[in-house]
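Every read-out reported here was derived from the displayed coordinates using simple, explicitly stated rules and does not represent laboratory data. Since the model is a prediction, treat every value here as computed from it, not as a measurement. Cβ placement follows ideal geometry from the backbone for every residue including glycine, while neighbour counts extend to all protein chains displayed.
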Amino acid sequence: MSKIVIFSPSQYSLYTICVTELLRRKGIEIKAIVVLRLLNFTRFRKEFKRDGERLLKKIWKKAVLREKAYSPADYETMLDLLGNERITMRNVKEFKKKFSIPVVFCNDLNAPVVLDVLNETKPDLVVFTGGGLIRKPVLQSSGHGILNCHMGVLPRYRGMDVIEWAILEEQFDQIGLTVHFMDQGVDTGDILRIVKIPLRSSEETIARLRERFEPIMCRTMVETAVDFLNGTIRRRPQKAEDGKQYFIMHPLLKRIAEQKIRTKFRPSGNATVAND
Amino acid sequence: MENKLIRDYWTIIAQKDRSGPEHYLKPLSHLEKFLAAFGLSVNQPDLNLVAPVQDIGDVKPAFKNLTDEILLQLRYEVYAQKEPEQVSPWAEKLMRFCEVRYHDLEKRTVAKLGDRAAARLHFLHLMVFLMDYGVFSGDPRYLNIVLKLERQRWAFDESAIKKALSSRGAEFLAGLFHFRLLLLTEYGLSRISKGPAL
């Protein structure tokens with residue numbers, strides 16, 4: 001039986017809960033869940049430097065509103081996914097109570113305690129569901145490596161806000177997700193699977209797109225991890241020159257990107273395309 | 001394109017002598033195309049085109065190694081569409097530096113230059129290079145970083161452009177850099193609103 005460790009950005013992460021539970025149901029042995037502490041000044045400072053004031057919105061949505069952040073939609077949301085899969089857990093700690101899976105809290109995913117967990121459990125794979133940059137010692141202690149699902153099509157769109165960037169650059173066929181191994185660069189590790197997700201209509205907004213992507217990310221991550229562990233898909237290295245690194249988009253450009261969905265996008269009715 | 005502020009600032013600038021010592025960092029070089037987009041024209045011959053300054057082939061692209069001479073050389077290569085393999089590593093490195101070190105840029109620039117006024121001019125010059133590279137390469141990531149850097153009030157203060165343009169010396173040069181940045185960001189925003197690149 002394959003063994004994995006999960007990295008989680010917060011004990012309340014619905015994405016972590018879904019990925020962990022679906023992997024467990026597929027017969028994967030979850031050796032431990034490593035969770036970043038929410039009330040952690042170093043983490044707040046680091047993420048505030050990166051995200052600025054939108055970190056506050058993120059905390060409000062993910063840690064305070066949680067399920068209340070979702071309103072009914074004509075697409076599957078993360079909350080719908082939980083309901084459809086009959087997952088009732090709302091806190092990562094419940095995995096310990098229900099299934100005796102160790103849940104280890106830390107202030108940084110590169111901390112010695114994380115290395116201890118990896119050295120003790122010797123996982124085949126680590127599944128990353130958020131929590132910042134990972135350094136070499138942890139990368140090297142993670143079996144085949146650490147899997148991440150990036151909300152963009154690699155190798156072209158690396159970094160932050162890549163849905164927005166693809167729209168701004170009118171690359172409407174370059175919107176989607178990529179499951180890849182993490183390395184020391186930003187989204188430069190070997191690719192396992194790319195799923196292109198077409199915009200549905202000129203009514204879509206970037207916020208709705210992100211919400212629509214969340215359950216697809218979850219399912220894609222689980223299917224890809226299982227396929228990799230079963231040996232049915234292979235890693236494809238990226239070339240540095242095949243893509244660019246993007247950063248957080250300025251609000252003025254974000255507004256232009258939003259307008260472009262309405263003015264430049266023409267629905268073609270494509271179904272979701274998955275490329276291994 | 002229409003922008004009353006740009007038109008007003010240009011009216012002030014156009015009345016001034018463009019051979020003064022304040023022009024040593026060539027703040028108005030190669031602006032014809034962008035002025036024309038706003039229906040403005042250069043009414044004096046441009047005596048201040050950026051010319052080759054130094055060979056930077058051996059200098060490692062990094063903010064700590066960046067000087068105004070290197071910026072002038074990079075801008076020359078951008079305008080002349082020369083040596084893209086030399087310019088793009090500098091542009092990419094400097095853009096990333098500004099993104100990643102955004103919150104420390106003032107401290108780092110003042111520490112490097114040792115003087116606040118010099119640091120401000122150097123930083124404005126860096127913004128000018130990033131914006132020039134963006135519009136000449138078409139890459140909107142450079143417009144993005146310049147829009148963010150325009151929030152660094154220690155260096156860029158849009159509300160003080162008119163006063164700066166009525167001053168002399170370093171303040172006037174800063175005013176000219178501000179004008180250039182304003183003109184090019186407006187140009188870039190207009191281009192990216194209409195198409196996929198700047």
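Rounded, prolate or oblate for the protein assembly as shown? Axes are the square roots of the Cα gyration tensor eigenvalues, ordered a ≥ b ≥ c, and the cut-off for rounded is a/c under 1.5. Prolate, because a/c is 1.5 or more and a/b exceeds b/c.
Cross-link pairs exceeding 22 Å between alpha carbons, from the set A:K58/B:K194; A:K26/A:K61; A:K26/A:K93; A:K26/A:K136; A:K26/A:K97: A:K58/B:K194; A:K26/A:K61; A:K26/A:K136.
Taking a span of 24 Å or more along the helix axis (Cα atoms) and a mean Kyte-Doolittle hydropathy of at least 0.5 as the rule, the DSSP H helices of chain B that qualify are B:116-137, B:169-194. With a 10 Å cut-off around each Cβ of A:245-252, the average count of Cβ atoms from other chains is 6. Over the protein assembly as shown, DSSP H runs of length four or greater, each weighted -39,500 (n - 2.57), average out per residue to a 222 nm ellipticity of -14000 deg cm²/dmol. Sequentially through the range A:122-136, phi angles give Karplus couplings (6.51, -1.76, 1.60; θ = phi - 60°) of 6, x, 6, 7, 10, 10, 9, 10, x, x, x, 6, 10, 8, 3 Hz, Gly and Pro residues having no value and appearing as x.
Shielding of peptide A:45-52 by partners, expressed as the average count of other chain Cβ atoms within 10 Å per residue Cβ, is 2. First measure r as the distance between the Cβ atoms of A:R266 and B:A62, then evaluate 1/(1 + (r/R0)^6) with R0 = 45 Å and state the FRET efficiency to the nearest 0.05. About 0.55, to the nearest 0.05. Under a 5 Å amide H cut-off, with hydrogens placed 1.01 Å from N, A:V103 pairs with A:I33 among residues at least 5 apart or on other chains.
Within chain A, the whole DSSP H helices whose Cα atoms reach 27 Å or more along their own axis and whose mean Kyte-Doolittle score is at least -1.0 are A:206-229. When the listed pairs A:K254/B:K82; A:K49/B:K4; A:K62/A:K98; A:K68/A:K98; A:K49/B:K163 are checked against a 29 Å cut-off, the alpha-carbon distance exceeds it for A:K254/B:K82; A:K49/B:K4; A:K49/B:K163. In terms of its C-alpha gyration tensor, chain B comes out rounded, because the ratio a/c of the largest to the smallest axis stays below 1.5. For A:R193, the residues whose amide H sits under 5 Å from its own are A:V179, ignoring neighbours fewer than 5 places away on the same chain, with H placed 1.01 Å from N. Using the Cβ-Cβ distance between A:F44 and A:K68 with R0 set to 25 Å, the FRET efficiency works out to roughly 0.65.
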